[in-house]
Each structure stands twice: as C-alpha cells, then as structure tokens.
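Undergrad: Starting off with a structure, shown below.
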Amino acid sequence: MYQNRSVKLFLVIAAVMLSISCGMPAFMQGTPTPTPEPTNTPKPTKTPVPTRTPRPTATPDVAATQQMENIQSDLQMFYDEEKIPNMDGELFFLEDFYKELAMMNYLDFGWAGYEDTVKNFVIWGDVAWESAIPVRAPEISGCGYAFRVTEDGDWYTALLTNDLVYMGYCDATFSRCGYLGTTRGSGRLNFGTGAAKASMTMVVIDSYAYVYVDNELIGEYSLFTDKLLEPGAVFYGMLSGTNKDYGTRCEVSNTRMWVIE
C-alpha cells in the first residue's frame, strides 16, 4: 500500500523543498496575476416476567443520513453540470489534521489517512487557518490539500488563504513551483486579515479542478495535460507566510473523499 512508502515520500519531498525553497517565485515575488476566467451492568433483581412487546428497531443516525444525502446531492449536481463523468465511486472518511508552521514560504504536508493513490475525486472538508501576524502579498499563508503527489516530488496544491484559492504546483525536475490562475471564476476570497474558516469542496477530474468555498464556486482551474496525469497521494497541505511566533496554524476536519471510478 502507499502508506508503506509514505516515509520515503516525505523524505523526497523534504529534500525537494530544501532545494527549491529559494526558487519559488510564485510564492514570493508578488501577487499572482489573475487569469480569465476524518460495563457490565449489575444483574437485575428478579421481577415478574413482563408482557412480551415488540423489540424496538435501531434509531437511525440522523446526522450521518443527512451527510450522505448532502454528498449524493452534490454528486448529482456535479454530474448534471458535466464536471464528473458518472456518480460511481466509493466514499472514504479521512483523518483530521492540525499543525503549526513557522517557516516562511515553506509548504508542508500532513497525513490524511488514505493509503492508496487517486487521480479523480471529490473532497469535502472544514478548513480553518490563522497566522500570528497579518500576512499580506507577496507572502501567502494557506491551508487545504495537496494531491497527485508523486515520489519524485511533484504535486498540486489547493489552499485557502485570506485573499484567494492558491492552486499551485511543483515540478521537482526543474526545481520550480508556480501558481495556476483560473480559467473561470475569480479565484478570489475576502476573509480579511484575521483567523478564518470555511467549508471547502474540490472536484478533480483529469485536467480540471473546481473549488467551492462555502458552497460557492470560486474557480475552475486547468491542470497540466503533459504531466501530473497519473494517480498520486492525497495529503493535507499548508503554506506559511511568516516566521513570527507559531507562524501559521492549519486545521482540516470532517473530511470526506469520493473516489470516482
């Protein structure tokens, strides 16, 4: 399973980040240019045998039922809008994530609990982030996901920041990281300069990614058609925009992933 290779993967990623941290111009050299648009009880005292009554049925888990209905509703919407090719797949509940990082312009990964690789999927989660001091462009503090992560050190990231959805990539071959602008939608957010939280839904299908924040489509993104095409690992991701105190805090909870067949 992929988990057996996760240590190797993290070592590779760490080496890549150290080698390219000084060459990440999209993080550090200005605001990205917009593009179009997881007792025993005491034995009772003997009493008379009561009249036999029907055995009650188990009470349904209302919250779980509602959650599944919401997921099915989203999948139906994505299918109707031709964002996904079908509604066939399998649902996984991922682990929660929390981390603080005080290393400016560094991207870090967190284990999400999914052991296999995946190419096309829908992911839902509640994302919260904050920084010790206000972070403004050209620095970026973000919290979210890394996907199609390879052992060679290539990956995509989709992070929520106070100002935008940071849809980025890294290419270890060329020691280069960059930012992908939107093909539709603004990709912009407006959470001010303090702590923030939002629900985040992302659809990744072949060479496209769609990001929804609080149920609103914020951006459609064109992914590469000549690389990062194969299934890869899914991790949590965070980017720190300050070295001050705790740096940046990132928390992702209630994460569910639908792996599309």
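Undergrad: Please pick out the residue among Cys143, Cys170 that is open to solvent by less than 10 Å² (accessible area, probe 1.4 Å), at pLDDT below 95 and over 20 Å from Ile71 (Cα atoms).
TA: When all the criteria are applied, what remains is Cys170.
Undergrad: Right, something else. Check Gly153, Gly187 and return the single one that is modelled with pLDDT of 95 or more, open to solvent by less than 10 Å² (accessible area, probe 1.4 Å) and of a type outside the set (Phe, Trp, Tyr).
TA: Gly187
Undergrad: Continuing with the same structure: If the requirement is being open to solvent by less than 50 Å² (accessible area, probe 1.4 Å), in contact with a Lys or Arg (Cβ under 8 Å, 6 or more places away or on another chain) and at pLDDT 95 or above, which of these qualifies: Gly237, Gly232?
TA: So the residue among Gly237, Gly232 that is open to solvent by less than 50 Å² (accessible area, probe 1.4 Å), in contact with a Lys or Arg (Cβ under 8 Å, 6 or more places away or on another chain) and at pLDDT 95 or above is Gly232.
Undergrad: Among the residues of the range 121-131, is any part of a strand (DSSP E or B) and polar (S, T, N, Q)?
TA: Checked against the condition, which is being part of a strand (DSSP E or B) and polar (S, T, N, Q), the range 121-131 yields at least one hit.
Undergrad: Give all pairs with beta carbons closer than 6 Å in which a residue from the range 233-261 that is under 13 Å from Leu107 (Cβ atoms) meets a residue that is in a strand (DSSP E or B) and aromatic (Phe, Trp, Tyr); count only pairs at least 6 apart in sequence or on separate chains.
TA: Cβ pairs passing all conditions: Phe235/Phe109; Tyr236/Phe97; Gly237/Phe109; Gly237/Tyr145; Cys250/Trp129.
Undergrad: So Glu220 clears everything in (1) crowded, with 19+ Cβ neighbours inside 10 Å; (2) of a type outside the set (S, T, N, Q); (3) out of contact with any helix residue (DSSP H, G or I) (no Cβ under 8 Å at 6 or more places or on another chain) except one condition, right? Which one?
TA: Result: Glu220 fails condition (1) only.
Undergrad: Something else now. Does Glu95 satisfy being within 26 Å of Thr242 (Cβ to Cβ), of a type in the set (D, E, K, R) and in contact with a Gly (Cβ under 8 Å, 6 or more places away or on another chain)? Walk me through it before giving the result.
TA: Details: within 26 Å of Thr242 (Cβ to Cβ): no; of a type in the set (D, E, K, R): yes; in contact with a Gly (Cβ under 8 Å, 6 or more places away or on another chain): yes.
For Glu95, the condition - within 26 Å of Thr242 (Cβ to Cβ), of a type in the set (D, E, K, R) and in contact with a Gly (Cβ under 8 Å, 6 or more places away or on another chain) - is not met.
Undergrad: With the checklist (1) touching an Asp or Glu at 6+ places or on another chain (Cβ under 7 Å); (2) within 23 Å of Asp88 (Cα to Cα) in hand, flag the one item Arg184 doesn't pass.
TA: Among (1) touching an Asp or Glu at 6+ places or on another chain (Cβ under 7 Å); (2) within 23 Å of Asp88 (Cα to Cα), Arg184 violates only (2).
Undergrad: So, Asp88, is that one over 19 Å from the mean Cα position of the chain (by Cα) and open to solvent by 60 Å² or more (accessible area, probe 1.4 Å) or not?
TA: Criteria met by Asp88.
Undergrad: If you don't mind, there's one more thing I want to ask. Tally the residues that are part of a strand (DSSP E or B) and of a type in the set (A, V, I, L, M), restricting the search to the range 82-102.
TA: Adding up the residues that qualify gives 2.
Undergrad: Report, by residue number, each residue of the range 192-210 that is open to solvent by less than 60 Å² (accessible area, probe 1.4 Å) and either within 24 Å of Leu94 (Cα to Cα) or at pLDDT 95 or above (or both). Walk me through how you get there before you give the answer.
TA: Of the range 192-210, the ones open to solvent by less than 60 Å² (accessible area, probe 1.4 Å) are 192, 194, 196, 198-205, 207, 209-210.
Across the range 192-210, the qualifying residues are Ala196, Ala198, Ser199, Met200, Thr201, Met202, Val203, Val204, Ile205, Ser207, Ala209, Tyr210.
Undergrad: Just to be sure I understand, how many residues within the range 103-121 are open to solvent by less than 20 Å² (accessible area, probe 1.4 Å), more than 19 Å from Leu164 (Cβ to Cβ) and in contact with a Leu (Cβ under 7 Å, 6 or more places away or on another chain)?
TA: Final tally of qualifying residues: 1.
Undergrad: While we're looking at this one, here's another question. Working only within the range 103-120, note down all residues that are of a type outside the set (Ser, Thr, Tyr) and either part of a strand (DSSP E or B) or under 18 Å from Thr255 (Cα atoms) (or both).
TA: Hits for the range 103-120 are Leu107, Asp108, Phe109, Gly110, Trp111, Ala112, Gly113, Glu115, Asp116, Val118, Lys119, Asn120.
The values are calculated or read from the model by the stated rules, or taken from the named source; none is laboratory data. Predicted, not measured: the structure shown is a model, and the values here were computed from it. Note that we place each Cβ from the backbone using ideal geometry, even for glycine, and neighbour counts take in every protein chain shown. Accessible surface areas use protein heavy atoms only, side chains included; no ligands, DNA or RNA. Shrake-Rupley method; radii C 1.70, N 1.55, O 1.52, S 1.80 Å.
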